[in-house]
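Asker: Supplied in structure tokens, the structure appears directly below.
The values are calculated or read from the model by the stated rules, or taken from the named source; none is laboratory data. Treat the numbers as computed from the prediction; the structure is a model and nothing was measured. A quick note on method: Cβ atoms are made from the backbone with ideal geometry, for glycine too, and the neighbour counts reach across all protein chains shown.
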Amino acid sequence: MGEAEKTLYGFPLKWVSLVTLVVQNSALALVMSYSRKAKPPNELSYLVSTAVVMSEFIKLVICFAVYAKEEQALGRLSLQKVLKDLFGRDSHWKKMTVPAVLYFIQNNLQYVAVQYLDPATFQVTYQMKILTTALFSVLMLGRTLSRRKWTSLVLLTLGIALVQMDGKTTEAKSSGMQQFLGLLAVTIACVLSGLAGVWFEKVLKGTQASLFLRNIQLSVFSLIPGLIFGVCLMDGAAVRQDGFFQGYNKWTWGAISCQAIGGLIVALVVKYADNILKGFATSLSIILSSIASIFLFDFKITFLFTVGAGIVLYATHLYGLPDSVPEPKRHNSDTSLAYAPLQQEATELPRFNMRSV
């Protein structure tokens, strides 16, 4: 007899996690964009550096609470055990600093991107992470991609290019420089996401560790540069003058919360669903974001955008399909999604013995 499917209040966890991912993925792009653009003229804008720090802090609290509960259930929770797990000889904490810093920069760039791009264009362009993750996997891990996956990557690039061409024809809403800055920010964010995910896999391959322990380490090493370089150095004067929480409102907290829980939701999807269904969830969130943008941001769906977005959706689905010759069964993880607010892309799942949020 097969293992009984896990449920939550009678609903299969597979579908609960997928629906939650669609809602979160759609909401984050919209809420982040709205929080940056829909500001009353007399009010201060919130500082991106503080928003990223708060997101990491919330993630740290959630992960530590779950980790502590797990350790307490095993009767081994103590301060000495926590410090050993986080910073001991076998904790690999030094290796975690690189992806943590990369994810920190990526999260800041996402706020820049949504300020200059509409949510629909941002969502579609952000699927470039599939391409960067795949390329870094080939270069750094020596992974071989099937012809189908290479085809999907070519289609993905074509679709994103069409969407950006459409953006250049609608510069009445957004100046050429704003469009360029938004595209530059999202491109760099995608490169950093792919590099961080593959680096994470490369340095941790073969290690055994708690899912939440690894994310505690990532949060800690993201908070350090966030507080020092972001809050203190870059925005120190503004924080001293108007406070850490200047410009915060319900939309700011909504963006922070969505960003904080995004990786945790992806972990559930990876655990209880599969990569193909996750790809469908990502595609559906793009469609929902595009529809919502029509009403919230006066977004115009053009023929070029429709064609480009359609190609991206198909490429996302195609990339998630299993190859005809299955690889030996291994434990799966989704390191490219470790810290992504909107990085729930349908990439090939990296293989090593842990799941990272």
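Asker: List every residue pair whose Cβ atoms lie under 7 Å apart, where the two residues are 6 or more positions apart in sequence or sit on different chains, the first residue falls within the stretch 179-208 and is over 14 Å from LEU139 (Cα atoms), and the second residue, located anywhere, is at pLDDT 90 or above and not in a helix (DSSP H, G or I).
Answerer: Correct list of pairs: VAL186/TYR126; CYS190/TYR126.
Asker: Determine whether the stretch 20-37 contains at least one residue that is more than 18 Å from SER257 (Cα to Cα), among the β-branched types (Val, Ile, Thr) and under 20 Å from the mean Cα position of the chain (by Cα).
Answerer: Checked against the condition, which is being more than 18 Å from SER257 (Cα to Cα), among the β-branched types (Val, Ile, Thr) and under 20 Å from the mean Cα position of the chain (by Cα), the stretch 20-37 yields no hits at all.
Asker: If you check ALA65 against the conditions, is it under 30 Å from PHE245 (Cβ atoms), under 25 Å from the mean Cα position of the chain (by Cα), surrounded by fewer than 13 Cβ atoms within 10 Å (Cβ to Cβ) and at pLDDT below 90?
Answerer: Working: under 30 Å from PHE245 (Cβ atoms): yes; under 25 Å from the mean Cα position of the chain (by Cα): yes; surrounded by fewer than 13 Cβ atoms within 10 Å (Cβ to Cβ): yes; at pLDDT below 90: no.
Here the answer is no, as ALA65 does not meet what is asked.
Asker: How many of the residues in the stretch 263-288 are farther than 17 Å from HIS317 by Cβ and either small (Gly, Ala, Ser) or modelled with pLDDT of 85 or more (or both)?
Answerer: Residues meeting the conditions: 2.
Asker: Check LEU162, LEU131, LEU156 and return the single one that is under 27 Å from PHE297 (Cβ atoms) and under 16 Å from the mean Cα position of the chain (by Cα).
Answerer: It is LEU131.
Asker: What residue, of VAL82, VAL52, VAL31, VAL101, is closer than 23 Å to ILE286 by Cβ and in contact with a helix residue (DSSP H, G or I) (Cβ under 9 Å, 6 or more places away or on another chain)?
Answerer: The conditions single out VAL31.
Asker: For the condition surrounded by fewer than 17 Cβ atoms within 10 Å (Cβ to Cβ), modelled with pLDDT of 90 or more and under 30 Å from LEU296 (Cβ atoms), what is the one hit in LEU139, LEU184? So that I can check it myself, show each step before the final result.
Answerer: On the way: LEU139 fails: under 30 Å from LEU296 (Cβ atoms).
Within the list LEU139, LEU184, the selection yields LEU184.
Asker: Report yes if some residue within the stretch 289-298 is part of a helix (DSSP H, G or I), farther than 23 Å from GLN106 by Cβ, of a type in the set (Gly, Ala, Ser) and over 23 Å from the mean Cα position of the chain (by Cα); otherwise report no.
Answerer: Checked against the condition, which is being part of a helix (DSSP H, G or I), farther than 23 Å from GLN106 by Cβ, of a type in the set (Gly, Ala, Ser) and over 23 Å from the mean Cα position of the chain (by Cα), the stretch 289-298 yields no hits at all.
Asker: Moving to a separate point now. Within the group LEU47, LEU18, which residue is of a type outside the set (Asp, Glu), in contact with an Asp or Glu (Cβ under 7 Å, 6 or more places away or on another chain) and closer than 25 Å to ILE216 by Cα?
Answerer: LEU47
Asker: Search the stretch 193-250 for residues being among the hydrophobic types (A, V, I, L, M, F, W, C) and within 23 Å of LEU135 (Cβ to Cβ), and hand back the single one that is modelled with the highest pLDDT.
Answerer: LEU195
Asker: For residues in the stretch 231-244 being assigned to a loop (DSSP other than H, G, I, E, B) and touching a helix residue (DSSP H, G or I) at 6+ places or on another chain (Cβ under 7 Å), which is farthest from GLU43 (Cα to Cα)? Walk me through how you get there before you give the answer.
Answerer: Narrowing the stretch 231-244 to residues assigned to a loop (DSSP other than H, G, I, E, B): 235, 243-244.
Applying the additional criterion that residues be touching a helix residue (DSSP H, G or I) at 6+ places or on another chain (Cβ under 7 Å) yields 235, 244.
Values: ASP235: 17, PHE244: 15 Å.
Ranking the candidates gives ASP235 first.
Asker: Kindly indicate whether ALA309 is outside any loop (DSSP other than H, G, I, E, B) and either touching a Pro at 6+ places or on another chain (Cβ under 9 Å) or at pLDDT below 85 (or both).
Answerer: Answer is no for this residue.
Asker: If you scan the stretch 30-44, which residues turn out to be at pLDDT 85 or above and under 12 Å from GLN115 (Cβ atoms)?
Answerer: Selection gives MET32, SER33, TYR34, SER35, ARG36.
Asker: In the stretch 49-100, which residue that is small (Gly, Ala, Ser) and touching a residue at least 40 places away in the same chain (Cβ under 8 Å) is nearest to CYS232 (Cα to Cα)? Steps first, answer last, please.
Answerer: Quick first cut of the stretch 49-100, residues small (Gly, Ala, Ser) only: 49, 51, 55, 65, 68, 73, 75, 78, 88, 91, 100.
From what's left, touching a residue at least 40 places away in the same chain (Cβ under 8 Å): 49, 51, 55, 91, 100.
Numbers: SER49: 9, ALA51: 14, SER55: 17, SER91: 29, ALA100: 19 Å.
Within the stretch 49-100, the match that is nearest to CYS232 (Cα to Cα) is SER49.
Asker: Would you check if THR144 is among the β-branched types (Val, Ile, Thr) and part of a loop (DSSP other than H, G, I, E, B)?
Answerer: Yes.
Asker: Can I ask one more? Please work out which one of (1) surrounded by fewer than 24 Cβ atoms within 10 Å (Cβ to Cβ); (2) modelled with pLDDT of 90 or more; (3) β-branched (Val, Ile, Thr) is the condition VAL23 fails and give its number.
Answerer: It is condition (2) that VAL23 fails.
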